[in-house]
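Undergrad: Just passing along the structure, written as C-alpha cells.
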C-alpha cells in the first residue's frame, strides 16, 4: 500500500528553519522529520511512498539522491587513475520513493489530486509531513476497512492546558476545576486512509483538502474518525520542534517503534 505524504507547504510558522529548507526536512536527532514519519509506516511493512513536494522541492530530491551514499560505508579509490567507489556496508531502507513537484502555491487538496497517477485505483495512506505519533497503522487500516467509507482520519484530543471554568446562566460560574483528559476538542492529526474516489471530490490546485473535499465527505456520510489515544505531536513552531528533539535525545521517543 502506498503512503502519500504532504510536504509542499512553506512552513511559515517555523520560519527560523523553513527559510532554508522545506519543513519536512527540518531535522530531529540529525534526520529530517520526514524520515521519522516514513520509518513509522515502514515499521508496519509499508515501504512505497509518494511525496507531494513544492516549496524548495529540490532539497527533498537531493537528500534522497544522496541517502544511499550517506547511509553506507564507502571507499573512494583513485589509485588506478579512475574514480572507483566501493560500498562496504549498506544501511539503506527498503523504500521506493516517488517525489512529485506538485507546485509552489498549490493547496493541500490540489497536491493530492496531482499525484493521482502515482496512486492508481487503490486504497492509500495519507498524512502530513510535519508530525510524528505512535499511531497503530494496522489497527487504523482495519478500522477503515470495517467501516467501508471513502475516508478515515485519525483524531486526537490535544486536551486543555489551562484550568477550566464552567459558566451557567447570567455569568454565574458553576465550576472551576483543573483540566482533564476529556477537555478539548478532537482534531485531525493526519494518519489518514483514503479510497481513490477522493480524487473526484477535489476541484483543483486551489482546493484546500481540509475544506470542500472534507465537507463533501461529511455530507455524503463517507468520512469516519479513528481516535488515537497515544502520543502525537506536530512541529508547527520552534518550541514544538525542540520538544520533539528533546524526546528523541532522551532515548524514549514514543514514535520510535522500529529497531536500530
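Any read-out appearing in this document is the output of simple, stated calculations on the displayed coordinates, not a laboratory observation. For clarity, every value in this text was computed on a predicted model and none was experimentally measured. Reconstructed Cβ throughout: ideal geometry from the backbone, glycine too, with neighbour counts over all protein chains shown.
Undergrad: If we only count helices (runs of 4 or more DSSP H) wholly inside the stretch 75-149, which ones have 3 or more residues that are in contact with a helix residue (DSSP H, G or I) (Cβ under 8 Å, 6 or more places away or on another chain) and closer than 19 Å to residue 6 by Cα?
TA: Where helices (runs of 4 or more DSSP H) fall fully within the stretch 75-149 and carry at least 3 residues being in contact with a helix residue (DSSP H, G or I) (Cβ under 8 Å, 6 or more places away or on another chain) and closer than 19 Å to residue 6 by Cα, they are 108-114.
Undergrad: Can you tell me which residue within the stretch 84-109, out of those that are touching a residue at least 60 places away in the same chain (Cβ under 8 Å) and under 25 Å from residue 140 (Cα atoms), is surrounded by the fewest Cβ atoms within 10 Å (Cβ to Cβ)?
TA: 108
Undergrad: Among the residues of the stretch 14-24, write down those that are part of a helix (DSSP H, G or I) and surrounded by fewer than 22 Cβ atoms within 10 Å (Cβ to Cβ).
TA: Across the stretch 14-24, the qualifying residues are 14, 15, 16, 17, 18.
Undergrad: Any idea how many residues of the stretch 219-256 are in contact with a helix residue (DSSP H, G or I) (Cβ under 9 Å, 6 or more places away or on another chain) and either more than 18 Å from residue 190 (Cα to Cα) or in a helix (DSSP H, G or I) (or both)?
TA: Residues flagged as in contact with a helix residue (DSSP H, G or I) (Cβ under 9 Å, 6 or more places away or on another chain) and either more than 18 Å from residue 190 (Cα to Cα) or in a helix (DSSP H, G or I) (or both) within the stretch 219-256 amount to 7.
Undergrad: Right, something else. Which condition does residue 81 not pass, out of (1) more than 30 Å from residue 260 (Cβ to Cβ); (2) surrounded by 12 or more Cβ atoms within 10 Å (Cβ to Cβ), if it passes all the others?
TA: (2)
Undergrad: Could you tell me whether any residue of the stretch 54-62 is closer than 21 Å to residue 39 by Cβ and assigned to a strand (DSSP E or B)?
TA: no
Undergrad: Looking at this structure, is residue 34 assigned to a helix (DSSP H, G or I) and under 16 Å from the mean Cα position of the chain (by Cα)?
TA: Criteria met by residue 34.
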